[in-house]
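Report on the following structure.
The values are calculated or read from the model by the stated rules, or taken from the named source; none is laboratory data. Here the structure is a predicted model, which means the values were calculated and not measured. All Cβ positions, even for glycine, are placed from backbone atoms using ideal geometry, and neighbour counts span all protein chains on display. Surface accessibility is based on the protein's heavy atoms, side chains included, excluding ligands, DNA and RNA. Shrake-Rupley method; radii C 1.70, N 1.55, O 1.52, S 1.80 Å.
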Amino acid sequence: MKQPDTRPKESAEASSALPSTPITALKNVGPKRKALYEKLGIASAEQLLAFYPRSYQDFTSPLMADQCENGENVVIEGKILRKFAPASIRKGMVLYKLMATDGLHNFIITIFNNEYAYYGLKTGEDYVFAGKWSRAGSGYGLALNSFLTPDEADVLRPVYPLTEGLTGKMVQTNVADAIEHILPSMDDPLPESVRKEHKLISYQAAIRQIHFPEGHEQLAAAKRRLSFEELFRLTIGLKFLKGRERQTTGVRVLRPDLRPFIESLPYQLTGAQKRVITEILRDMASPYPMNRLLQGDVGSGKTMVAAAASFAAIERGYQAALMAPTEILASQHEQTLRKLLEPLGIRIGLLVGSLTPKAKTQMREAIAAGEIDMVVGTHALVQESTVFHRLGLVITDEQHRFGVAQRQILGEKGDHPHVLVMSATPIPRTLALMVYGDLDISVIDELPKGRQPIETFSIHSDKRERALSYIRDHLARGEQGYIVCPLIEEGENSGTNSGMTSGMTAAVTYARQLQDGPFRGFSVGLLHGRMKPDEKDAVMADFASGKIQLLVATTVVEVGVDVPNATIIMIENAERFGLSQLHQLRGRVGRGSKKSTCILLSDNDGEENRKRLAIMKETCDGFKISKEDLKLRGAGDFFGYRQHGAPSLGINDVLEDTALFAEAQAAAYALLDKDPELSFPEDRLLKLQVEKMVQSSAKN
């Protein structure tokens, strides 16, 4: 698992001040190990110091055999009773086994291909072992990870997320070298006054204790210090991003009459939708621009709320604009809004990059003349040539996919219009406050009536043919389905660890095989990110109309047209997707009243993947899933911060540390009151870090 990196990449402005020592400056890090570290996002010794352990092996409190849980990583003390002869199980792989006892129960220790460990363990001697525990009937077993003598065992040993070829011992040795030779020259990013006031240990002490804690108390102090620092820096960075002055707005939407809109709806709004609409209308009547985040799970009805807000603004003489990250999603919104609002006399327009130059010009002229009340589009909306007549409301969908600069440009096309940002990625409230700063938050926590939970299964590839037969049964009943693949073509690098693509399913080849084989006689379509926008739109239109019965797609379908008749989805190589992404993909079905099914296909039997798939089977609640996703992957990977300009959160447990966040936020505001520009000498390093964060965001 890739650990979020809290140290930003070097910028031209700050590279001379912020340290960056090549990873090869450390002992035993040559080109081969350097390449392995780069797979984990580590290019410098400073980044390695910020590569925090995922967990710790607690050698201080070993368990007894009958206390160990099957399948768990455990630490147990025991005496070696007997060694068995080594066995060669295949070329280059030797299996070593020993028998040990904890005094009450015997257990078999298994060692894979580690001659040093086997011969290092002496019969009749006591050790503390760490490894994965197993129970088979009345027998116990331990797959050995590491061991210490009882004299060495009063420690917590770090466990790092690794990649193939890089061992925990290698990382520990390199981190120790960086602590000895690199850390002493690094300055503390937190001003001394802040550290003293909040009783925080120094940066150097925190780094030493986070990697090699002397005990639980020292580890807690290190975590608190580094968590505080991340939240403190994030708060200041968000303040710099947003600007400290609050503008008033010339857009006042006072007492709009929503009755025509509500009465025209084919069904009743949910209680959650009504509550959120009330919050939005209150904001839009304010002399200050609305800045509200609208969160809602897949299928919760966010577009309906956006339509209500747009109707309110248009009814009072303003224009509304909705920006989506893809043309497919923009087209879906345009079609939905056209159905909802055109019967009420509202003129809807679409502005996307695939329009002909003539069509773009005509649409922009109509927008500037006020002949279009609501325009839906992609990045074309923020281009300089797009001018609005009287823009009053800006809506962005899946907003974390846009950079700050893009949202600001659209917001500057009017007299400080109201802004509503929508996300179908549910986020725990504390994290939303951290990431979105001053935005107010509305949550649609209720699904429309008639929606059924999506039944979810996980299977191995040896059950694929049975699953395909199950999908075929759905198509034969007149329903539709999806199959999602992680790759477009065979052999491509998906952007993660090399060597991982072998055996992975590629959409282009798979679609052809399915059409010629098990789905002969059915219409199979293909959708992937390298297709031209008009090609994608044509495929989605054919799927929505029923011309395509089975759609083979990559994750480009994650945000796609709603097809109520689609009732089954199979996701190949499910281990390749984050939990929240799996949930978004699963949300492509279950859009109507029919029972829907999701099949997760994965041959990865690793402990983490088993937990992930179990969560997907247990719940369809996006907020619960996002919480587990954060625990497993960290907030940085969860939001794709590196791609979208916000800082990553590594050590901080954003789900639980609400009190620490409040303390760090208050400290950050207090510092900015004293030093708004971070110009004091003691704030120099902090300023450099924040500037790089702002520069990174502005580029996206």
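Here are a few things to note about the model shown:
For every residue, the table says whether it meets (1) within 30 Å of Ala666 (Cβ to Cβ); (2) open to solvent by 60 Å² or more (accessible area, probe 1.4 Å); (3) at pLDDT below 95; (4) under 30 Å from the mean Cα position of the chain (by Cα).
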site: Glu180; (1), (2), (3), (4): no, yes, no, no
site: Ser193; (1), (2), (3), (4): yes, yes, yes, no
site: Leu200; (1), (2), (3), (4): yes, no, no, yes
site: Gln204; (1), (2), (3), (4): yes, no, no, yes
site: Gln209; (1), (2), (3), (4): yes, no, no, yes
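- Of all residues in segment 470-486 being in a helix (DSSP H, G or I) and open to solvent by 40 Å² or more (accessible area, probe 1.4 Å), the one that is farthest from Arg576 (Cα to Cα): Ala476
- Flag if Val171 is in contact (Cβ under 8 Å) with a residue 12 or more places away in the chain, crowded, with 19+ Cβ neighbours inside 10 Å and farther than 30 Å from Lys687 by Cβ: yes
- For first residues located in segment 77-88 and free of Cβ contacts under 8 Å to residues at least 60 places away in the same chain, partners that are assigned to a loop (DSSP other than H, G, I, E, B) and among the hydrophobic types (A, V, I, L, M, F, W, C) and lie 6+ apart or on another chain with Cβ distances below 8 Å form the pairs Ile80/Leu121; Lys83/Leu121.
- Looking across segment 125-151 at every residue that is in contact (Cβ under 8 Å) with a residue 40 or more places away in the chain and open to solvent by 50 Å² or more (accessible area, probe 1.4 Å), the one that is farthest from Phe59 (Cα to Cα) is identified as Arg135.
- Checked against (1) modelled with pLDDT of 90 or more; (2) of a type outside the set (Lys, Arg); (3) open to solvent by less than 50 Å² (accessible area, probe 1.4 Å); (4) on the phi < 0 side of the Ramachandran plot, Tyr160 meets all criteria but (1).
- Search result, residues across segment 289-326 that are in a helix (DSSP H, G or I) and either basic (Lys, Arg) or touching a Ser or Thr at 6+ places or on another chain (Cβ under 6 Å) (or both): Lys302, Thr303
- Test: residue in segment 25-33 that is modelled with pLDDT of 90 or more, buried (at least 18 other Cβ atoms within 10 Å of the Cβ) and not in a helix (DSSP H, G or I): yes
- Among the residues of segment 36-51, those that are open to solvent by 20 Å² or more (accessible area, probe 1.4 Å) and more than 14 Å from Thr167 (Cα to Cα) comprise Glu38, Gly41, Ala43.
- Looking only at segment 600-652, residues that are farther than 17 Å from Pro161 by Cα, at pLDDT below 70 and open to solvent by 20 Å² or more (accessible area, probe 1.4 Å) come to 5 in all.
- Criterion violated by Leu238 - all others in (1) open to solvent by less than 40 Å² (accessible area, probe 1.4 Å); (2) modelled with pLDDT of 95 or more; (3) among the hydrophobic types (A, V, I, L, M, F, W, C) satisfied: (2)
- Within segment 293-311, if we keep just the residues that are open to solvent by less than 10 Å² (accessible area, probe 1.4 Å) and more than 26 Å from the chain's Cα centre (by Cα), the residue that is farthest from Ile395 (Cα to Cα) turns out to be Ala308.
- For segment 556-568, the candidate set comprises residues that are in contact with a Leu (Cβ under 7 Å, 6 or more places away or on another chain) and within 23 Å of Arg464 (Cβ to Cβ); within that set, the residue that is least open to solvent (accessible area, probe 1.4 Å) is Val557.
- Index of the failed condition, Phe59 passing every other in (1) touching a Phe, Trp or Tyr at 6+ places or on another chain (Cβ under 7 Å); (2) touching a residue at least 60 places away in the same chain (Cβ under 8 Å): (1)
- Residue ranges of strands (runs of 3 or more DSSP E) in segment 501-577 with at least 1 members in contact (Cβ under 8 Å) with a residue 60 or more places away in the chain: 550-553, 566-571
- Number of positions in segment 337-378 that are buried (at least 18 other Cβ atoms within 10 Å of the Cβ) and assigned to a helix (DSSP H, G or I): 7
- For the condition of a type outside the set (Val, Ile, Thr) and assigned to a strand (DSSP E or B), Leu269 does not qualify.
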